[in-house]
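The values are calculated or read from the model by the stated rules, or taken from the named source; none is laboratory data. These numbers were taken from a predicted model, which means no experiment stands behind them. Because the Cβ atoms are built from the backbone with ideal geometry, glycine has one as well, and the counts that use them run over all protein chains shown. The area values use the complete protein model at the heavy-atom level, side chains included, leaving out ligands, DNA and RNA. Shrake-Rupley method; radii C 1.70, N 1.55, O 1.52, S 1.80 Å.
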Amino acid sequence: MASLTALLAERIRLGGPVAVADFMAEALFHPELGYYTSREPFGAQGDFTTAPEISQMFGEMIGLWAIVAWQMLGSPERLVFVELGPGRGTLMSDMLRTIANVGACRAALEIWLVEASPRLAARQAQTLVGHDIHWAERFDDLPDGPMVLVANELFDALPIRQHVHHQGRWHERMVNLEAPGFAFTAGPHSRPDLPDALLDDAPDGAIAETCPAGRTLAAAIGARIARQPGLALVIDYGHPRSALGETLQAVSRHRFHPVLEAPGSADLTAHVDFEALAQAAMPARAWGTVTQGEFLKRLGIETRAALLAQAGGPKVSADIAGQLRRLIDSDEMGTLFKVLALAHPALPAPPGFVG
Ligand SMILES: C[S@@+](CC[C@H](N)C(=O)[O-])C[C@H]1O[C@@H](n2cnc3c(N)ncnc32)[C@H](O)[C@@H]1O
């Protein structure tokens, strides 16, 4: 089969420039040649490392959060427990080990993984062997019932639209052919769905990003949570308030990579606009954002790290200290990553958030 570069080049030759969102969707999820459909992206041998792959402590803390969320919903006998974009299944595995400490909560879980990549779904099945797991390709396919949902680094992978400001007007940013590869170009007039105060005084060349797929998903989660009781936890890198600026990035082998080069070979992501997600999720109530470092500390990660360090020798102790630093320090993941909770409006503050 031809490369994804060749397929996209042919598409542009025949139909003209493609929107950034279309380029990103093809690069990540082309059925055979997309990044997530054809590669093993995680860990030291892959392209990037996510929080659950850094340390079991991350999933343990989120597992504790899920237990309290279940209690906040009245400890129902059946809970639809959902993870969106579960990667290798590591986070779910660590959460389930923690939740097993509360038998009635574990017994209530009907576990659903929402995963768009068949390859990664197979990987999740290996990690979670012995657990009764259901898969769905889309959030809308989940069954009814009280729900607790977790999404770590899912929203950054959803395709974004980019807009560029030129001589007082906003244009859709497109991808065109320009030897020897692809290049950005301004497309038709198109005003981004962002606050006027941000758009009207923008300088020439300013970039605005929106994530329609992220807003649609947040709206579906919010509508469900407001209808049937539920809580959702979204963890990702991004900004608490909508802002202008270009954040689209490609990463390969733990290094930044030119975003338009060799689509399908590198991870393509953009920072998450948490304000836009919270607005889209109304009438669900949004809590936060808080930084990942603050959130994990409020849930007790430092105590957990001390216990794990005590139980092992000096090598384990040094490893745990290193993992803790990566998860909570400001110059690591602690500040860049934010946590947003969405909850039924009648519920009090979820763990890790203040009223
Ligand atoms: C960056 S990985 C994060 C994996 C995992 N949550 C972790 O923290 O290690 C993104 C995950 O989301 C999945 N994904 C991306 N877009 C998706 C979509 N639209 N629907 C469902 N899963 C999606 C990917 O296949 C992958 O499993």
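Hey, can you grab everything whose amide H is under 5 Å from the amide H of Gly300? Only 5+ residues off in sequence or another chain; H modelled, so Pro and N-termini drop out.
Amide H neighbours of Gly300: none.
Just the Kirkwood number for region 254-316, please: inverse of mean 1/r across all distinct Cα pairs, in Å, one decimal.
Roughly 16.2 Å, rounded to one decimal.
Among 268-281, 70-83, 196-209, how do they line up by average Cβ neighbours within 10 Å per residue, starting with the highest?
Averaged packing, sorted descending, gives the order 268-281, 70-83, 196-209.
With unit charges on the beta carbon (Lys/Arg positive, Asp/Glu negative), name the residue among Ala232, Leu307, Val150 whose Cα is farthest towards the positive pole of the charge dipole of the chain.
Toward the positive end, the furthest listed residue is Leu307.
Report, please, the projected area of region 285-355 averaged over directions, based on the convex hull of its C-alpha atoms, in nm².
Mean projected area of the Cα convex hull: 5.0 nm².
Which residue, chosen from Met174, Gly288, Val259, occupies the Cα position most advanced towards the positive end of the dipole of the chain, where the dipole is computed from +1 (Lys, Arg) and -1 (Asp, Glu) charges on Cβ about the Cα centre?
Checked the options; the winner is Gly288.
Find the eigenvalues of the gyration tensor of the Cα atoms of region 57-122, then list the square roots of 5 times those eigenvalues as equivalent ellipsoid semi-axes, largest first, in whole angstrom.
21, 13, 9
Could you check how many percent of all C-alpha pairs in region 111-164 are farther apart than 16 Å?
When every Cα pair of region 111-164 is considered, 53 percent fall beyond 16 Å.
Could you give me D for region 24-75, from Stokes-Einstein at 37 °C and 0.692 mPa s, where the hydrodynamic radius is the Kirkwood radius over C-alpha pairs? Units µm² s⁻¹, please.
Rounded, D is 243 µm²/s.
From largest to smallest, what semi-axes in whole angstrom does region 168-275 give when each is the square root of 5 times an eigenvalue of its alpha carbon gyration tensor?
Result for region 168-275: semi-axes of 28, 21, 13 Å.
Specify which residue in the list Ala183, Trp135, His165 is farthest towards the positive end of the charge dipole of region 114-207, using unit charges on the beta carbon of Lys, Arg (+1) and Asp, Glu (-1), about the Cα centre.
After comparing all options, I get Ala183.
I need the per residue convex hull volume for region 49-158, using only the alpha carbons, in cubic angstrom as a whole number.
96
With angles folded into 0 to 90 degrees, how steeply does helix 20-29 sit against the dominant principal axis of the chain? Use alpha carbons for both and round to 10.
50
Can you report the principal axis dimensions of region 102-213 using only the alpha carbons, biggest first, rounded to whole angstrom?
If we take the Cα atoms of region 102-213, the spans are 62, 39, 21 Å.
Just to confirm the number: angle between the C-alpha axis of helix 314-328 and the first principal axis of the chain, 0 to 90 degrees, nearest 10?
Roughly 50 degrees, rounded to the nearest 10.
For region 1-50, which whole-number percentage of the solvent-accessible area (1.4 Å probe, protein heavy atoms only) is attributable to carbon and sulfur atoms?
55
Per residue and in cubic angstrom, what volume does the convex hull of the Cα atoms of region 295-336 have?
45
Which semi-axis lengths, in whole Å and largest first, follow from the square roots of five times the eigenvalues of the Cα gyration tensor of the chain?
Rounded to whole Å, the semi-axes are 35, 23, 20.
Expressed as an acute angle from 0 to 90° and rounded to the nearest 10, what is the orientation of the C-alpha long axis of helix 4-15 relative to the principal long axis of the chain?
50
For region 1-87, count the residues as N, evaluate 2.2 N^0.38 Å, and divide the Cα radius of gyration by that value, please.
Relative to the rule-of-thumb radius for its length, region 1-87 sits at 1.64.
Pop out the ³J(HN,Hα) list for region 346-351 in order, Karplus 6.51 cos²θ - 1.76 cosθ + 1.60 with θ = phi - 60°, rounded to Hz; leave Gly and Pro as x.
Taking θ as phi minus 60°, the curve returns 7, 7, x, 4, x, x Hz for region 346-351.
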